[in-house]
Amino acid sequence: MRARFRHLLAALALPGLLSTAAGAWATPHVVLVQNSGWMEPFYSDPGSQFKPLVGALAGAVVQPGDALVLAAFNQSLPGAPSPRALLSLKADGKTVRSRVNAALANLDTARKPGSNALADTDLGEAVQAAIGTALGGKPGIVWLVTNNRNSPNNDQATAARNREFYELIHRGAAIDKVVAFPLRMPVQGKHYQANGLMIYAFAVGKEGGRALDALLADKRIASVITEQPARLKPLDRDTVRLVPAQVEDAPGVAFSQAPGGALRADVDPDARTPRASVTWRLENAMYPYTIASATLSARSMLAGEDRKIALAGSRIENLAPGKALPLGSTMQLPVAQLPDKWSMAALKSAGSAYVLPGRIELHLANQRLELSQGFRQRMAALFPGDPLPEIFTPPASIQASNAVLPLEVRVHYGMGPLAALGGLAAALLAAAGAAAWAYGRPRVAQVTVEDELRTMRARPGTTQPIYDKAGAQVAMLKTTLFGHQLLDLREGAQVRLGR
């Protein structure tokens, strides 16, 4: 396989385009467009919206600075390499759609070299080439636009070929996430007719997974494709959603949903309730799978405390995708870990919120998934005779999953303690100021020397000499905050304080 694609390196590997500026990560995209014989009606039907759809999708998901490789694929044969690069660019945000449309304008169904026979299809080969060669094994997103007929060498055992394709999806270590969009697009060609298309998005690496999640969340894909994405991978994480519906027995604690889906607990600083009873809406987030059965357990991790959450029920049965059921629970609150309102942490947070980050983890054991009947029927209508829905069945090795709900405990400290400390500090400053003023103010001392009354001025903490009428030093005057003192009084000198 690797040798077969060696001659494509110059066409598909784009290290210059896929590199990004320091400190930023732009998303590399590889768009693979099938042009094997089974795709003939999508190219020959005058009313086909196949090519405009690809251009619109690329224009929606490829952002300024992202790298894009557009390639056609069927099955690689000697003299007819596949995939074949049609376009490579670094997106400017304005011309992606028009440039993709122009590159696809002359694309038609491929034929086998030296023959009029239409080319066969190898989905796995195309995806592996995109990951290993076009992306060079680095993170990115691979988009696969196909009629879902996987028949290399015109192999009629499409079920086996599709199973190989899904083995790549579920066991491919480089692939972090895969979603699929089955689309209705009836077309009639000279040789074949078709009812629909499938668009796959393969997120390569953790960064690719985050980029795909962002595209799904900000509705960029939905601006072109209104169909709900069908999840193929992962099936062992983020399988359910928890939404708080009701909170009881927790005075001073209020739960709410924060932007981004995290759970927020707003706590009064005087609240010391050790637990809260929370009723959740547990929603199946695994379209198109029904959770036929699973055993539930949950725990919270807050302020360094790992505590089990007591659930009112420990079983899920026949929870259809998008549907929810109530789930009661009792969870411990980290009240012992909350800073006292006189602590430095509380004083720093006065007027705002002191935040303790954490999470709630829900574990589904003995998980059994079934493809929903609605999805089976839709796939049968779009791809009649295709055994693909049977192969949507998750691998037997996936029998458990985890869902993590970010949680933040926010303690709201008022301005009272800070104001009280501020008042105390102001009083201390005033006292210190008064003391400084008192210390620095000159003091008046009356001293009698040889029956002569003299008035002397001195600041506290100073000592000055006293002279008799002849100019000889007869004593020292020491001044303090509390009065005056005569020191070093000469024997026989006539010196006294006062008159």
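The values are calculated or read from the model by the stated rules, or taken from the named source; none is laboratory data. Every value quoted in this text rests on a predicted model; they were computed, and no experiment measured them. Glycine gets a Cβ as well: all are built from the backbone with ideal geometry, and neighbour counts include every protein chain shown.
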Item to check | Filter result for residue 229 (farther than 27 Å from residue 258 by Cα and either touching a Phe, Trp or Tyr at 6+ places or on another chain (Cβ under 9 Å) or surrounded by fewer than 21 Cβ atoms within 10 Å (Cβ to Cβ) (or both)) | outcome: no
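Results for (1) within 25 Å of residue 177 (Cβ to Cβ); (2) charged (D, E, K, R); (3) free of Cβ contacts under 8 Å to residues at least 12 places away in the same chain, shown as yes or no for each residue.
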| site | (1), (2), (3) |
| --- | --- |
| 107 | no, no, no |
| 112 | no, yes, no |
| 126 | yes, no, no |
| 132 | yes, no, no |
| 141 | yes, no, no |
Checklist outcome for this item: The condition of being assigned to a strand (DSSP E or B), modelled with pLDDT under 90 and within 22 Å of the chain's Cα centre (by Cα) holds, among 301, 331, only for 301
Item to check | One residue from 376, 359, 368 being of a type in the set (D, E, K, R), in contact with a Leu (Cβ under 8 Å, 6 or more places away or on another chain) and modelled with pLDDT of 85 or more | outcome: 359
Next on the checklist: So for region 32-49 (the condition being closer than 17 Å to residue 181 by Cα, within 31 Å of the chain's Cα centre (by Cα) and modelled with pLDDT of 95 or more), does at least one residue qualify?
Outcome noted: yes
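Take the conditions touching a residue at least 12 places away in the same chain (Cβ under 8 Å) and under 14 Å from residue 444 (Cβ atoms) and apply them to residue 479. Does it pass?
So residue 479 fits the description; yes.
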Checklist entry - Does residue 224 satisfy the condition of being modelled with pLDDT of 90 or more, over 22 Å from residue 397 (Cα atoms) and out of contact with any strand residue (DSSP E or B) (no Cβ under 9 Å at 6 or more places or on another chain)? => result yes
Item to check | Verdict on residue 182 being part of a strand (DSSP E or B), without any contact (Cβ under 8 Å) to a residue 12 or more places away in the chain and over 19 Å from the mean Cα position of the chain (by Cα) | outcome: no
Item to check | Candidates 173, 194 - the one that is at pLDDT below 95, assigned to a strand (DSSP E or B) and not charged (D, E, K, R) | outcome: 194
Checklist outcome for this item: The lone condition residue 307 fails out of (1) at pLDDT below 90; (2) surrounded by fewer than 16 Cβ atoms within 10 Å (Cβ to Cβ); (3) not in a strand (DSSP E or B) is (3)
Item to check | Residues that are small (Gly, Ala, Ser) and in a strand (DSSP E or B), drawn from region 475-495 | outcome: 475, 483
Next on the checklist: I'd like to know if region 132-150 contains one or more residues that are surrounded by fewer than 14 Cβ atoms within 10 Å (Cβ to Cβ) and not in a helix (DSSP H, G or I).
Outcome noted: yes
Checklist entry - For region 87-119, what are the residues that are of a type in the set (Asp, Glu) and crowded, with 22+ Cβ neighbours inside 10 Å? => result none
Item to check | Count - residues of region 39-69 that are closer than 14 Å to residue 190 by Cα and surrounded by fewer than 24 Cβ atoms within 10 Å (Cβ to Cβ) | outcome: 8
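One line per residue, one yes/no per condition, for (1) part of a strand (DSSP E or B); (2) at pLDDT below 95; (3) within 30 Å of residue 41 (Cα to Cα):
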| residue | (1), (2), (3) |
| --- | --- |
| 190 | no, yes, yes |
| 203 | yes, no, yes |
| 228 | no, yes, yes |
| 242 | yes, yes, no |
| 250 | no, yes, no |
